[in-house]
Amino acid sequence: MKPQEQTEKDESLSAYMFINFKQALGFGHITWGFETAPGQFFYGSTDHLLRRPMWDLIALMRYSAVEPGGDIDYWSAQGSLSDMLAEMSRGPHIWYHAYKKLTVPASAANPDAARELAESLKDGGWRLLDNNCVHQTHRVLRAFGAGEHMSVINHPWQAPTPVDFFGRAHGVAGELEKKVSLRSCR
């Protein structure tokens, strides 16, 4: 590595957004991860799983709004970049397909604020119209300092679905390792 490349690397921290393109009837599900220190990442999600059939209208209505303190399948972890990418590709609930890396100058990054906000999601409830995975990811990444990468998305309503939000954010895209199942080995 050239000295200038090392300096540039040392002067930035990265945030990530992850997407599962198939969740939520194809609208997708998105979540976050960010560097807390060089090579160390905090990541997680409010997976908010629907554990009932879609035709169960009462369950669907309850699903569309969870009051603060309710169970929204929040999880988080800390580890290396390879730990984060592996966990997101075969996570505890949802397996993510792709990511976008958002590089932020270290002087503009605020991992402490992002972590505090991310951890507050655990008890922050979930609402389909104004506190879903797009809103939550948008807030965490902005708190981190990655707002410039989402400049075309000043408010989540400008990219209301996870697939649209992911597509419009500026970053280096990559695919996550695909988990092989016995079904795919036929």
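Any read-out appearing in this document is the output of simple, stated calculations on the displayed coordinates, not a laboratory observation. Bear in mind that the values here come from a model prediction, so they are computed numbers and not experimental data. Here the Cβ is made from the backbone with ideal geometry for all residues, glycine too, and neighbour counts use every protein chain on show.
List of remarks:
- The set of residues in segment 11-65 being surrounded by 15 or more Cβ atoms within 10 Å (Cβ to Cβ), outside any strand (DSSP E or B) and among the polar types (S, T, N, Q) consists of Gln23 alone.
- Comparison of Leu85, Leu117 shows that the only residue that is surrounded by 16 or more Cβ atoms within 10 Å (Cβ to Cβ), of a type outside the set (Lys, Arg) and touching a Lys or Arg at 6+ places or on another chain (Cβ under 7 Å) is Leu117.
- Answer from Ile94, Ile72 - the residue that is assigned to a loop (DSSP other than H, G, I, E, B), in contact with a Phe, Trp or Tyr (Cβ under 6 Å, 6 or more places away or on another chain) and closer than 24 Å to Leu25 by Cβ: Ile72
Listed here are the residues, each with its yes/no results for (1) touching a Phe, Trp or Tyr at 6+ places or on another chain (Cβ under 9 Å); (2) of a type in the set (S, T, N, Q).
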position	(1), (2)
Ser82	no, yes
Ser89	yes, yes
Leu102	yes, no
Pro111	yes, no
Cys133	yes, no
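- Flag if Asp56 is acidic (Asp, Glu), more than 17 Å from the chain's Cα centre (by Cα) and over 23 Å from Leu117 (Cα atoms): yes
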